[in-house]
Amino acid sequence: MSTEAPVAVPEAARDARTPPKRVEGGVLSKPRGVVVTVIVALLALAWLFPLLWALINSFREYDYTQANGYLSFGGWTFSNYEEAWSRGNFGLHMKNSLLITVPAVALTLFLSSMVAFVLARFSYRFNLTLLGVFLAANLLPPQALLIPVFRMFREVPLPYFMSDSGSMLNSFWALILVNTAFQLGFCTFVLSNYMKTLPHEIYESAELDGASVWRQYWQLTMPLVRPALAALATLQVTWIYNEFFWATVLIQQGDKLPVTSALNNLRGQFFTDTNLVAAGSIIVALPVLVVFFALQKQFVSGLTLGSTKG
């Protein structure tokens, strides 16, 4: 039995025949990495500067800053937060914002997820038309709908245990419904695109197992779209919590206004204590920051879904 010596293959030929390995991600060279880091740091500092400046001045006395200027350091105090909380009545207005924001966000995500499931799961003639109808509310400026919405809510009766005025005006229901209506289209659009990335095989298997449409939506789809729901919840809490236009139109009683209106109570008749307003602004921003940091991981994963597919 004859054996043949293996033929030596040149190293250059072997490298040419070997396919290049795929590199996950990219690595910047050291000079470019330093430049990118400096640019990103400067942009982040410019973005956070107003919040940091308000935070610093919220711990300073107004008289000291007026005498020494805002570029000085000193005059530190915690009394601004105590005075802002009591004068602005933040406890009452914070509760009002809670009663408006939580139901509005929950209702928006629930209804938009149901519509998005139908748009992503089933194909029919008016599929895109239905999506366009839900997106139409986001294309109109709120000012254009001010008078029709005001008159409509004034004519809609409500029991007195739901509204002191006997109508939708001066009630939290008005703000909950109007915020839900305006945010429904955006959430439906995002969730429908998210649900379209789910494999169809899991729904085919569910149908073979006898799962109903409701069970496919609630027990199969909803757990899979949890990152998108968390990302949308963060955005919706921010937008609805900070919304003030419809509150000033539909709420005419001061004790029912949201927390954003409490900042107006900190303005004086002849001058405004900017340090006091800064402390009030930090108090107003704290709930949104807490929600963001609590859902930060899900928020990032929801926004980056599908970015690495190709």
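Annotation note: of R154, R125, the sole residue that is basic (K, R) and outside any helix (DSSP H, G or I) is R125.
Scanning segment 163-195 for residues that are surrounded by 18 or more Cβ atoms within 10 Å (Cβ to Cβ), part of a helix (DSSP H, G or I) and not hydrophobic (A, V, I, L, M, F, W, C) yields N179, T180, Q183, G185, T188, S192, Y194.
Taking segment 64-110, which residues are of a type in the set (G, A, S) and in a helix (DSSP H, G or I)? Outline the logic, then answer.
Narrowing segment 64-110 to residues of a type in the set (G, A, S): 67, 69, 72, 74-75, 79, 84, 86, 88, 91, 97, 104, 106.
Across segment 64-110, the qualifying residues are A67, S79, A84, S86, G91, S97, A104, A106.
Y160 - would you say it is of a type outside the set (V, I, T), surrounded by fewer than 17 Cβ atoms within 10 Å (Cβ to Cβ), touching a Gly at 6+ places or on another chain (Cβ under 7 Å) and not in a helix (DSSP H, G or I)? Yes: the conditions hold for Y160. Taking the criterion of being within 17 Å of V115 (Cα to Cα) and surrounded by 18 or more Cβ atoms within 10 Å (Cβ to Cβ), the residues of segment 217-243 that qualify are Y217, T221, V225, A228, L229, L232, A233.
Condition test on N179, is it at positive phi, touching a helix residue (DSSP H, G or I) at 6+ places or on another chain (Cβ under 7 Å), in contact (Cβ under 8 Å) with a residue 60 or more places away in the chain and of a type outside the set (G, A, S)? Taking the combined requirement at face value, the residue does not satisfy it. Applying the selection to segment 47-63, what residues are touching a helix residue (DSSP H, G or I) at 6+ places or on another chain (Cβ under 9 Å) and part of a helix (DSSP H, G or I)? Once the filter is applied, which keeps residues that are touching a helix residue (DSSP H, G or I) at 6+ places or on another chain (Cβ under 9 Å) and part of a helix (DSSP H, G or I), segment 47-63 yields L51, L52, W53, A54, L55, I56, N57, Y62.
Here E201 clears all of (1) part of a helix (DSSP H, G or I); (2) crowded, with 20+ Cβ neighbours inside 10 Å except the condition numbered (2). The set of residues from segment 84-97 being free of Cβ contacts under 8 Å to residues at least 24 places away in the same chain and farther than 9 Å from V259 by Cα comprises just one member, S86.
For segment 119-132, a tally of residues being in contact (Cβ under 8 Å) with a residue 12 or more places away in the chain and either exposed (fewer than 13 other Cβ atoms within 10 Å of the Cβ) or among the aliphatic types (A, V, I, L, M) (or both) returns 4.
Rule-based calculations on the coordinates, nothing more; no lab input. Computed from a predicted model, the values in this text were never measured in an experiment. Every residue, glycine as well, gets a Cβ built from its backbone with ideal geometry; the counts of neighbours run over all protein chains shown.
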